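Student: Take this structure first; my questions come after.
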Amino acid sequence: MTLTTTDLEEKKTGKELYNYQKEAITKIFKRFEEAPDDYHLLFQLPTGGGKTVIFSELVRQYLKHHNKKVLILTHRIELCKQTCSMLSDFGVINKVIDSKANLDDHRDYSCYVAMVETLNNRLNDNKLDISDIGLVIIDEAHYNSFTKLFKFFEKSFILGVTATPLSSNIQLPMTDNYEELIIGESIETLIKNNFLAKAKTYSYNVGLTSLVVGINGDYTVKSSDDLYTNSEMLGKLVRAYEERSLGKKTLIFNNGINTSINVFEAFKMAGYPIMHLDNTATKREREFILRWFKKTPNAILTSVSILTTGFDEPTVDTIILNRATRSLTLYYQMIGRGSRILKDKTSFNVIDLGNNIHRFGMWGAQVNWQKIFKYPSYYLDNLLNDEDLEDNFRYEMPEELRVKFSKTEDVFFNVKKVYTEAIKIGESSKVVLSRSIEQHARICIENSEDVYDALILAKLLGDDIDYRIQQYLKCICKSTNSFTDWLKDDYRQKLRTYLLANFDSVFEEIHGYPPED
């Protein structure tokens, strides 16, 4: 079939198509014309770019010009419902094949929408005639659960759609199941043309070396819970919210239910409006929580990956990644939940507490999806591991804190350099911490009028102290949890003692006159 301009501009009840969406449809239909009937094509478009709109229009045009039927597959009930609704908006009458569906009338429909497991059961039981399916569309095609159904559609044109053409299973690359990838509009272009909101990113360095990689290639829930439920990380999370998102609608992603519950308790104790949602919630509970989240301007919702797909709430102002992941797909899905635009919303905040931005790059940066699609193993093998990531860290004071140390030109202390120089001349490694304490004390005194001001400033240096301790521990190759905790407490006590004992002399050295009594 040849798709005409009239076809795309024909009046319909659905959403009007943007130019880039029309161009994508034209490219896909061109492959319909040129490729064999059993061709497997993959289409990539960022979250928020309108994949469902595009394939709904594709279905409408396909049914108009072909005598065969269409099947759309999803992996979540929410996506199934959204797809059904969008197709109806485009004037496509469709039949949802769920576990309760009566299939006696299925021959009266030209378009079916089904969840993968339900359809698999129906097909294995021979309860559905699929001999006349000409086009199969797979939403969120990077999930591998769909591949089990390909054997039923060996004569159908298969179109997979995804925001990230990288398989969720490294053992099953997408190149094994799709012959070609068509790239849609980039995030950068969609932002430039006001189709997506721009992400303002704030990264808080976190030590991840305690995390364990599981059989699925990502961090285990147990090791994530151990890290993200400790008081230090919960405190860092609340402070990050207060610094970057106070009073804004915030969606927090965690790796484990236990973490999310602890996050809920921490924010509740701090007096902030928050609810927790995970996959154990009933349908009624889920609807209530999401309705509350939508209507409450300063709502905080802490969740466990359940909202990465099938969830669209444009009023979200901030995404907090309170977890680390090794999944590029999950990284883009989580941040994409905040990218929907509104009349008065052109940007949103991303707070990263998992070093994800260091690993994957900025959301919105150019990505070579063709290379990732063709050579997934090469891409995955070259991802930075946690040790390499942390070696590249350099602590930067948040803007609000840096203002309090404005009289100091450079607040950075290079632990590795001082350690290397000390060892080279035969000094003990302990001199590194002594010199670090002296430098911390100096910048506190330089920005204070009296010792009490200096002590207050010293209490604000917690993240910097923890960073320096971690750098020091790497230098001496010692990192047990008990020793780390002791060293952090000991450092803080020695800094306080140094300030009390040396404030006057250091103040006079800096200013050339003694402090006032």
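The values are calculated or read from the model by the stated rules, or taken from the named source; none is laboratory data. Everything quoted here is computed from the prediction, not taken from an experiment. Backbone-built Cβ (ideal geometry, glycine too); neighbour counts: all protein chains shown.
Student: So N126 passes all but one of these: (1) at positive phi; (2) surrounded by 14 or more Cβ atoms within 10 Å (Cβ to Cβ). Which condition number does it fail?
Tutor: (2)
Student: On the basis of being closer than 30 Å to F43 by Cα and acidic (D, E), does D226 make the cut? Show your work before the answer.
Tutor: Working: closer than 30 Å to F43 by Cα: no; acidic (D, E): yes.
Against the criterion (closer than 30 Å to F43 by Cα and acidic (D, E)), D226 does not qualify.
Student: Now a separate question. Among the residues of region 369-379, are any touching a residue at least 24 places away in the same chain (Cβ under 8 Å) and among the aliphatic types (A, V, I, L, M)?
Tutor: Within region 369-379, one or more residues are touching a residue at least 24 places away in the same chain (Cβ under 8 Å) and among the aliphatic types (A, V, I, L, M).
Student: Say whether the condition of being in contact (Cβ under 8 Å) with a residue 60 or more places away in the chain, surrounded by 13 or more Cβ atoms within 10 Å (Cβ to Cβ) and more than 30 Å from V206 (Cβ to Cβ) is met by at least one residue in region 465-474.
Tutor: No, region 465-474 contains no residue that is in contact (Cβ under 8 Å) with a residue 60 or more places away in the chain, surrounded by 13 or more Cβ atoms within 10 Å (Cβ to Cβ) and more than 30 Å from V206 (Cβ to Cβ).
Student: Condition first: farther than 26 Å from D317 by Cβ, in a helix (DSSP H, G or I) and of a type outside the set (D, E, K, R). Now tell me which residues in region 185-223 satisfy that.
Tutor: V221, S223, listed by residue number.
Student: For region 252-277, name all the residues that are buried (at least 22 other Cβ atoms within 10 Å of the Cβ) and either in contact (Cβ under 8 Å) with a residue 40 or more places away in the chain or charged (D, E, K, R) (or both).
Tutor: If the condition is that a residue be buried (at least 22 other Cβ atoms within 10 Å of the Cβ) and either in contact (Cβ under 8 Å) with a residue 40 or more places away in the chain or charged (D, E, K, R) (or both), then I252, F253, N254, N255, G256, T259, S260, V263 are the ones that fit.
Student: Could you list, in sequence order, the residues of region 228-243 that are more than 30 Å from P314 (Cβ to Cβ) and within 18 Å of the chain's Cα centre (by Cα)? Give the derivation first.
Tutor: If we filter region 228-243 for residues that are more than 30 Å from P314 (Cβ to Cβ), which is where we start, we get 229-232, 235.
If the condition is that a residue be more than 30 Å from P314 (Cβ to Cβ) and within 18 Å of the chain's Cα centre (by Cα), then no residue fits.
Student: Before we move on, is H358 in the same structural domain as S245 (by TED's automatic domain parsing), surrounded by 13 or more Cβ atoms within 10 Å (Cβ to Cβ), within 20 Å of D466 (Cα to Cα) and touching a residue at least 12 places away in the same chain (Cβ under 8 Å)? Steps first, answer last, please.
Tutor: Values: in the same structural domain as S245 (by TED's automatic domain parsing): yes; surrounded by 13 or more Cβ atoms within 10 Å (Cβ to Cβ): yes; within 20 Å of D466 (Cα to Cα): yes; touching a residue at least 12 places away in the same chain (Cβ under 8 Å): yes.
Taking the combined requirement at face value, the residue satisfies it.
Student: Here's something else I'd like to know. Only helices (runs of 4 or more DSSP H) wholly contained in region 416-482 count here; list those with 2 or more residues that are hydroxyl-bearing (S, T, Y) and closer than 28 Å to L208 by Cβ. Please lay out each step first, then the result.
Tutor: Values: elements: 430-446, 451-459, 462-476.
So the answer is 462-476.
Student: Here is a follow-up. Those residues that are surrounded by 14 or more Cβ atoms within 10 Å (Cβ to Cβ) and among the hydrophobic types (A, V, I, L, M, F, W, C), I need them from region 421-437; list them, please.
Tutor: Result: A422, I423, V431, V432, L433, I437.
Student: Please go through (1) of a type in the set (K, R); (2) assigned to a helix (DSSP H, G or I); (3) more than 25 Å from N355 (Cα to Cα) for K407 and return the number of the only condition it doesn't satisfy.
Tutor: The one condition K407 does not meet is (2).
Student: So in region 318-342, with the set limited to residues that are basic (K, R) and under 20 Å from Y241 (Cβ atoms), which one is surrounded by the most Cβ atoms within 10 Å (Cβ to Cβ)?
Tutor: Going residue by residue through region 318-342, those that are basic (K, R) are 323, 326, 337, 340.
Then drop every residue that is not under 20 Å from Y241 (Cβ atoms), which leaves 323, 337.
Working: R323: 28, R337: 22.
Among those residues, the one meeting the criterion is R323.
Student: Shifting gears a bit: Please verify whether Y202 is closer than 23 Å to E400 by Cα and either under 16 Å from the mean Cα position of the chain (by Cα) or among the aromatic types (F, W, Y) (or both), treating the condition exactly as stated.
Tutor: yes
Student: Kindly list the number of the only condition in (1) in a loop (DSSP other than H, G, I, E, B); (2) in the same structural domain as T47 (by TED's automatic domain parsing); (3) of a type in the set (S, T, N, Q) that fails for T175.
Tutor: Condition not satisfied by T175: (1).
Student: Determine, yes or no, whether L234 is within 21 Å of A324 (Cβ to Cβ) and of a type in the set (A, V, I, L, M, F, W, C). Show your work before the answer.
Tutor: Details: within 21 Å of A324 (Cβ to Cβ): yes; of a type in the set (A, V, I, L, M, F, W, C): yes.
Against the criterion (within 21 Å of A324 (Cβ to Cβ) and of a type in the set (A, V, I, L, M, F, W, C)), L234 qualifies.
Student: Return the residues of region 393-411 that are surrounded by fewer than 12 Cβ atoms within 10 Å (Cβ to Cβ), free of Cβ contacts under 8 Å to residues at least 60 places away in the same chain and within 36 Å of the chain's Cα centre (by Cα); say none if nothing qualifies.
Tutor: The answer is R394, E399, V403, S406, E409, D410.
Student: Could you tell me which residue of region 194-218 is nearest to G49 (Cα to Cα), considering only residues that are without any contact (Cβ under 8 Å) to a residue 40 or more places away in the chain and not small (G, A, S)?
Tutor: Filtering region 194-218 for residues that are without any contact (Cβ under 8 Å) to a residue 40 or more places away in the chain and not small (G, A, S), the one nearest to G49 (Cα to Cα) comes out as I215.
Student: Here are some residues: E179, E140. Which one is of a type in the set (D, E, K, R) and under 19 Å from the mean Cα position of the chain (by Cα)?
Tutor: E140
Student: Could I ask something else about it? Run down T52, T13, T47 and say which single residue is at pLDDT below 85 and more than 20 Å from F150 (Cα to Cα). Working first, answer last.
Tutor: Values: T52 fails: at pLDDT below 85; T47 fails: at pLDDT below 85.
None of the other options fit; the residue is T13.
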